[in-house]
Amino acid sequence: MHTLWLAEIGADDLDRVGGKAASLGELAGAGLPVPSAFVVSAGTYRAFIEDTGIEAALFDAVDVDSDDSAALAGAAERAQELILETEVPTAVREDVLSAYDEMGDGPVAVRSSATAEDLPDASFAGQQDTYLNVERADLLDRVKECWASLFTQRAIYYRNEQGFAHDAVDIAVVVQEMVDAEKSGVLFTSHPSTGEPTAIVEAAWGLGEAVVSGTVSPDNYVLDRESGEVTKVTVAEKRVMCVRGEDGQTVERSVPDEKRDAQVLDEGELARLLELGERVEAHYGSPQDVEWAIYDGELYLLQSRPITTIDDPVEAAGSGASADGGAMADQSEDVRLSGIGSSPGKATGAVRVVHKLDNLDKVEQGDIIVTEMTTPDMVPAMKRAAGLVTDQGGMTSHAAIVSRELGVPAVVGTDDATDRLRDGQPVTIDGDMGTVQVGKREGATDESGDGTAAAPSADARAPTDQQPSPVKPMTGTEVKVNVSIPEAAERAAATGADGVGLLRIEHMILSTDKTPARYVEDHGERAYVDEIVEGVRGVAEAFYPRPVRVRTLDAPSDEFRQLQGGEDEPAEHNPMLGYRGVRRSLDRPEEFELELRAFARLYELGYDNVELMLPLVTDAEDVLRAKSLMQEAGIDPEKRDWGVMVETPASALGIEKLCEAGIDFASFGTNDLTQYTLAVDRNNGNVADRFDELHPAVLDLMGRVIATCREHGVATSICGQAASKPEMVQFLVDEGVSSISANIDAVRDVQHEVKRVEQRLLLESVR
């Protein structure tokens, strides 16, 4: 038989039906109010992949390094494709539809139930899919989609981290009578962080999907289990709810005005929930995370699994934990959120959700900032924080770049951290693995106690097994360092880098919270020039006489629009392709002149190690116009080193004309060069797996530029994110690049990689 009813299964049937189904069968057998359901067995899934001949291809596809995001994405896509495009055998089809007809003809919930989930030490919660309001016509497709969800990127990664072999995990599917809930939510029978005898209930209107997914902020109720007393009630504003739409699909609807601020549960319902939780916990003998629903006055138990976070108790005092622990729908997951590990290291602290700039004052030393995305004016708060988590962004986002320079662990691109984490909640972030966990974890840096930064050193985070020597290696190719903010100058100089390959002016300007025009209007031209001079001076002083290459203003219009005076900025559909870089500077020569005056002042003060770099150049005309403005500002292009960023295919293809215009150097900005060459927005998580600085087209452009510049005696460099990659270092040194500028935490690794490549080239030349 391919299907089993709940009455036929229990806790001992994990291998046959998976954790969720075994739990439901056990609960139904104990007389608890579980809706009727049958299970498409795990053996059916196994027979499906074996009998259809896709088994070998399936497991070959997922045999990848899960830390390689591109490989992981490709593996998930291929594995799911194999399952979804393969027909379900006739016998399976007939059994499943027959069981559905026997249960009734109403909508059902189709839930994945893997054989490695809801375990005491690894919940795997949320790894596979659930579909609500499924009709008969779509049932088999949803079953296949549940099977395919065993191979999402997140599921593949999680199994690798937990040490579960992919071919050792099967998946069953629960087909359960749909409860058209009027109110629903989650019950924790004990405090999910400390294990205290405190029940926590979260509740919202409509189907439970809104609570589990974090779409709505639910009401929160805290109950003393010993007395049954409701000790705390937090009524949230519930703007949306999930309901069954007319077409049978789950849809979001606005909550009626009279219910938005109304309490979802009354004392009687809370008492019934507490009683239900007591029965479930008594049956299993351990604290449980229970999903429930209420329809027409009846309370239903939809799912229960052990709480796995109590093994790491968190003391509320001093941790910033609230009385209710900030309990959430997925609290039982070990890994609450996954994103991109963009700045290495681990850190523990209290969450501070920042939605607006005026929220920054609440960020204290050692907190974990959680925000949609960062801007330059968040840097002071980022310096106080122990770590950073963002909804949006990738490895080349502002949050990622600045976090690396400050040595602050960061996880970016989580999609919904600001919705799923709460102020005061203690979390641990891993900037290497890209994970956010609940509570304090072993090996993480906790800065909340003494207020001192304790970020791991670059050497301590070296990705290789062999730690690099603390002695700076001698190399013919210069190894420089990128600096985004003046505050990082001392840390950058301590790397022993041969200079600064990129110092960004925009962070100095945008951190004033005013556009250049508004700042000049409010404070005058001299004050604006002083802002730039002081910012650059601190870095130039720290590195003198080593060169410091300073890029003129390059910020997209959407960043300016957030500042005072930003209402006059253009509204652009894609600012990355718009009014920025040298094109903005040439269009606003009065503002550009003030930047150039700052350079002239620095030269007057004796900082002859400062070099001027023009961003987003497309052709020689840009360079010649900028060169003329430099001369008008008192800068002699023949006596000062200046050059361009090669960030567009146009500048790469037109490099000879740029050399003839008199530049001293050309520096690759691989973040932009890659996105413009491959048509991939580097901050768009939907196409992040296609962003590849090592793409042959990008390397071809870079090789052409280096060869042409060598013919003209023009130095070449790289200051993009890719400079930290060993493969890019090997390519550039082979091609004869003059210098490589890496992120602060990667300088020492790059120095050793450059030395290794140069030694290889030397040996090859004499053999």
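Summary of packing: across the peptides 256-263, 496-503, 1-8, the per-residue average of other C-beta atoms within 10 Å ranks them, highest first, as 496-503, 1-8, 256-263.
With r as the distance between the Cβ atoms of ASP522 and LEU605 and R0 = 25 Å, compute the FRET efficiency 1/(1 + (r/R0)^6) and round to 0.05. Efficiency computed from Cβ-Cβ geometry: 0.50. For VAL370, nonlocal amide neighbours, meaning residues 5 or more places apart or on other chains whose placed amide H falls under 5 Å from its own, are ARG352, VAL353, VAL354, VAL389.
Of the peptides 180-189, 710-719, the ranking by mean beta-carbon count within 10 Å, highest at the top, reads 180-189, 710-719.
Amide H contacts of GLU182: ILE294, TYR295, ASP296, each under 5 Å away and 5 or more positions distant or on a separate chain (H built 1.01 Å from N in the peptide plane; Pro and chain starts excluded). Ranked by the mean number of other Cβ atoms within 10 Å of their residues, highest first, the peptides 163-171, 548-556 fall in the order 548-556, 163-171. Between the Cα long axis of helix 42-51 and the first principal axis of the chain there is an angle of about 60°, rounded to the nearest 10. Please label the shape of the stretch 712-764 as rounded, prolate or oblate, based on the square roots a ≥ b ≥ c of the eigenvalues of the alpha-carbon gyration tensor (a/c under 1.5 means rounded; beyond that, a/b larger than b/c means prolate, else oblate). Since a/c reaches 1.5 but b/c is at least a/b, the shape of the stretch 712-764 is classed as oblate. Which percent of the accessible area of the chain is formed by carbon and sulfur heavy atoms (probe 1.4 angstrom)? Carbon-and-sulfur percentage of accessible area, whole number: 45.
Between the labelled values (1) 28.6; (2) 33.1; (3) 30.8, the entry that holds Kirkwood radius over Cα pairs in Å as derived from this structure is (1). Considering helices alone, the calculated mean residue ellipticity of the chain at 222 nm is -10500 deg cm²/dmol, with DSSP H runs of length four and up weighted by -39500 (n - 2.57) and normalised per residue. What's the center-to-center distance, using Cα atoms, between the stretch 134-155 and the stretch 32-89 in Å? So the separation of the two Cα centres works out to 9 Å. A 1.4 Å probe run over the protein chains yields, for the chain, 40 Å² of accessible area per residue, whole-number rounding. A straight chain from TYR544 to GLU177 at 0.36 nm per residue would run longer than the Cα-Cα distance by 124.8 nm. Angle of helix 139-148 to the longest C-alpha principal axis of the chain, folded into 0 to 90 degrees and rounded to 10: 50°.
For LYS20, the lysines whose Cα comes closer than 23 Å to its Cα, not counting residues fewer than 8 places off in the same chain, are LYS144, LYS183.
For the pair ALA71 and GLN759, the difference between a 0.36 nm per residue extended length and the Cα-Cα distance amounts to 244.6 nm.
Annotation: aspartates and glutamates with alpha-carbon distance below 15 angstrom to LYS639 (same-chain offsets under eight excluded): GLU604, ASP608, GLU611, ASP664.
The values are calculated or read from the model by the stated rules, or taken from the named source; none is laboratory data. Only a predicted model underlies this, so the values are computations on that prediction, with no experimental measurement involved. Note that each Cβ is placed from the backbone with ideal geometry, even for glycine, and that neighbours are counted across all protein chains shown. Calculation scope for accessible area: heavy atoms of the full protein, side chains included, ligands and nucleic acids excluded. Shrake-Rupley method; radii C 1.70, N 1.55, O 1.52, S 1.80 Å.
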